[in-house]
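Report on the following structure.
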Amino acid sequence: MNDTEFDIKKTDEISNEQRKLKIAATTTDSKHKSAKEGYFLSSRAPFGYRKGKPEDLDVIDTRILIIDEPAATAVRNCFHLYASGEWTYEMIARKLNDQGFRTSVGKYFSRETIRQMLSNRTYLGKIVYRGTEVYEGKHLPIVDQDLWNQVNCNH
């Protein structure tokens, strides 16, 4: 390879790297904008919600979570049980499992999945971006702020 060919190859590599960086930045900006607008970004809905499909009659936008009422009732019950101070994460997990519920990935509930559920701001109708930025979601909340505060003051 002569010097000219080397320079062209090096220039192409730099251009490709710059393109990749630009695409990554554009994607990040787009996701951030969607989160600010209240759209749910993850591919999997939290237990208690479902992701809409374009063919669903009740779906306005597939990026807006839809309440799955039987599971949402179970989520509310989990919050109330924990807020009572008489139930542990383990006890709540056992109750959900005994009732035949499974996580959004089809697994049994555990202490950790209950802990995550009770601290998930999505249930307040919020969108959390990158773990720190919180925006008002377009989806309906499953629990209210008072119940959320009762549970999260106990953590």
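The values are calculated or read from the model by the stated rules, or taken from the named source; none is laboratory data. Quantities reported herein were computed from a predicted structural model and do not represent experimental measurements. When we count neighbours, we look across all protein chains shown, and the Cβ atoms used for this are built from the backbone with ideal geometry, even at glycine.
Annotations for the structure displayed:
- Test: residue in the range 103-125 that is touching a Lys or Arg at 6+ places or on another chain (Cβ under 7 Å) and not in a loop (DSSP other than H, G, I, E, B): no
- Single residue of TYR123, TYR135, TYR129 found to be surrounded by 14 or more Cβ atoms within 10 Å (Cβ to Cβ), in contact with a helix residue (DSSP H, G or I) (Cβ under 8 Å, 6 or more places away or on another chain) and modelled with pLDDT under 95: TYR129
- The residues of the range 85-102 that are among the hydrophobic types (A, V, I, L, M, F, W, C) and in a loop (DSSP other than H, G, I, E, B), listed by number, are TRP87, PHE101.
- Per-region count, the range 122-155, residues touching a strand residue (DSSP E or B) at 6+ places or on another chain (Cβ under 6 Å) and more than 17 Å from GLU69 (Cβ to Cβ): 6
- Checked across the range 67-80, the condition of being part of a loop (DSSP other than H, G, I, E, B) and loosely packed, with under 14 Cβ neighbours inside 10 Å holds for no residue.
- Yes/no for VAL105 being modelled with pLDDT under 95, within 24 Å of SER34 (Cβ to Cβ), among the β-branched types (Val, Ile, Thr) and touching a strand residue (DSSP E or B) at 6+ places or on another chain (Cβ under 9 Å): no
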